[in-house]
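I'd like to ask some things about the structure below.
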Amino acid sequence: MAILFRRQPEDPARADNSRRVAELIRTRLSLGDDDAVTVSEIACGDPECGGAETFALVMRAGRKTEAIKFKKPMASVTEDDVRTELEGQGAGRP
């Protein structure tokens, strides 16, 4: 007996928010075509997160992967949040 797994259809709003946050990060860090950004949202038990938190990974050629964490749902991440997190981590420096 074969077991088939079907992938759930992607939520268009979630995909749009992921692309939006990734683009905010790409712009803020002046990333090139060879650099990649992934954005994910996970459930968070901490009341400070509002039920979900957002993680972004920045992958640049020849550098270690950088992780960025936002204690809020992906839909709530703003340009100011990206600026604040990146400045706090010193991201973007060689």
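Excluding GLU41 itself, calculate the net charge of residues whose Cβ lies under 12 Å from the Cβ of GLU41, where each Lys or Arg counts +1 and each Asp or Glu counts -1. Don't skip to the answer; put the middle values down first.
Details: positive: ARG14, LYS69, LYS71, LYS72; negative: ASP11, GLU53.
Net charge in that neighbourhood comes out at +2.
Cα-based Rg (one decimal) and Dmax (whole number) for region 35-80, in Å?
11.8, 37
How much FRET efficiency would the formula 1/(1 + (r/R0)^6) give for SER76 and ASP35, where r is the Cβ-Cβ distance and R0 is 35 Å, rounded to 0.05?
Numbers: r = 25 Å, r/R0 = 0.71.
Once the sixth-power term is evaluated, E becomes 0.90.
Return the FRET efficiency for the residue pair LEU57, ASP11: r is the Cβ-Cβ distance, R0 is 35 Å, and the value is rounded to the nearest 0.05.
Values: r = 20 Å, r/R0 = 0.58.
Between LEU57 and ASP11 the formula returns 0.95.
Could you give the size of the charge dipole of region 35-80 about its Cα centre, using +1 on the Cβ of each K and R and -1 on the Cβ of each D and E, expressed in debye and rounded to the nearest 20? Display every interim value, and only then the final one.
Values: 6 positive and 8 negative charges, 50 e Å.
In total the dipole reaches around 240 debye.
Lys/Arg Cβ at +1, Asp/Glu Cβ at -1, dipole of region 35-80 taken about the Cα centre: which of ALA43, VAL58, PHE70 is farthest positive-ward?
Sorting the options by dipole projection puts first VAL58.
Only the coordinates and a few stated rules stand behind these numbers; no lab work does. Here the structure is a predicted model, which means the values were calculated and not measured. Reconstructed Cβ throughout: ideal geometry from the backbone, glycine too, with neighbour counts over all protein chains shown.
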